[in-house]
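Coordinate-derived values only; no laboratory data. This structure is a prediction, so every number in the text was calculated from the model and none was measured. Note that we place each Cβ from the backbone using ideal geometry, even for glycine, and neighbour counts take in every protein chain shown.
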Amino acid sequence: MNLRERFLEVMKFNTGIHSIKWEFGYWGEVIDRWYAEGLPKKHYPRISHAISTPTSELYTPAWNSVPRERLPKGIAVMAGGLYWPTQGFPVDHDVRDYFGMDHTQVLVDVNLLFHPMFEAQVLEDSDKYFVTRDVDGVQRRFIKATQTMPSGEKYPITDRKSWEQLKEERLNLSDIKGRFPPNWSQLVEWYRHRDFPLAIGGYPHGFFGTLANLMGYDKLFYAYVDDPEMIHDILDTLTEVWIATNDEDRSFVELAHRGATDPGYLPGPYGTIEYEVEAFVNWYIERMRSHFGTRLETTAPSR
């Protein structure tokens, strides 16, 4: 029974199945200490520089402001209990492998917020602070001494006028396919053949979390009383975007499955996550050629 099947059985309260071995995550400072104390360093947690969606790479500019010799002290290294990718956090491999823990749950990486995203901008980089406007339009301050998650200072929704502008420019339904990352076809193949749980949604998406993220708590709580119509409009608009994006997501996966099972299916190029498959196929073809000699005319696949 693989992890995905075991997860489903646990969710059905099957007491005959042992629970999943996940941790929520580890602080970057703790991971570096464990490596110093002898944890085998085979796959050091990597912080991405690329930004594909607000969910997967939010806070990435702040994390990358720390020198790369060590992890930021207050960053979370994901270990299964929370989906990954999220918030620019790296994912653990070495602790998991050392203790025989389970593969992390994986988040479907699509843009459920602003499209186009805001361009990340560095507003201040001093000895004490690293201040940015992140891809969600929020201005955040990262304290270099503690290196924990940056705190919001200014928010993109301040009143009805700012909301209407955001809705028109970045939350319309005119380009749903543009909300998917460039390597989406490769991700679909990975998701389709998975043996791990797959999650949808992700931080900061939700009927409260998204509002708090885009308005700040104070402004949000006042708006609940002072302008409930705007709150309803924000939630209605976000819900339309989430439904449309997830519907497109589902249709992509269904088409990929239908195409892969069609007799006329021709595979495309290998993705970067399939390098081991490509290496095996080439090795297997060479072994067959060496055995059959010139009788084997098969060539390596174009993938």
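Across the alpha-carbon atoms of segment 3-265, the computed radius of gyration and Dmax are 20.1, 61 angstrom. Shown here is the pair-distance distribution of segment 93-230: with all Cα-Cα distances grouped in 10 Å bins from zero up to the longest one, the shares run 10, 29, 31, 23, 6, 0 percent.
Amide H to amide H distances under 5 Å link Leu123 with Val131, Thr132, Arg133, where only residues 5 or more positions off or on other chains count and H is placed in the peptide plane. Counting Lys and Arg as +1 and Asp and Glu as -1, what is the net charge of the other residues whose Cβ lies under 15 Å from the Cβ of Leu39? Residues near Leu39 contribute -2 overall. Electrostatic bookkeeping for Pro204 treats Lys and Arg as +1 and Asp and Glu as -1; over the other residues with beta carbon under 12 Å from its beta carbon, the sum is -2. Taking a ≥ b ≥ c as the square roots of the eigenvalues of the Cα gyration tensor, an a/c ratio of 1.5 or more together with a/b no larger than b/c marks segment 53-172 as oblate. What does the C-alpha gyration tensor say about the overall shape of segment 1-120? Classify as rounded when a/c is under 1.5, otherwise prolate if a/b is larger than b/c, or oblate. Taking the square roots of the gyration eigenvalues as a ≥ b ≥ c, segment 1-120 is oblate.
Which lysines, on any chain, are close to Lys73 with Cα under 29 Å apart, when same-chain ones fewer than 8 places away are left out? Within the straight-line cut-off, Lys73 pairs with Lys21, Lys41, Lys42, Lys128, Lys144, Lys154.
For Thr158, nonlocal amide neighbours, meaning residues 5 or more places apart or on other chains whose placed amide H falls under 5 Å from its own, are Trp163. Quick one: what does P(r) look like for segment 169-219 with 10 Å bins over all Cα pairs, in whole %? Percent of Cα pairs in each bin: 18, 34, 33, 14, 1. Distance from the Cα centre of segment 124-174 to that of segment 1-75, in angstrom? So the two Cα centres are separated by 25 Å. Amide H contacts for Glu153 (H built 1.01 Å from N in the peptide plane; partners 5 or more residues away or on another chain; cut-off under 5 Å): Gln139, Arg140, Arg141.
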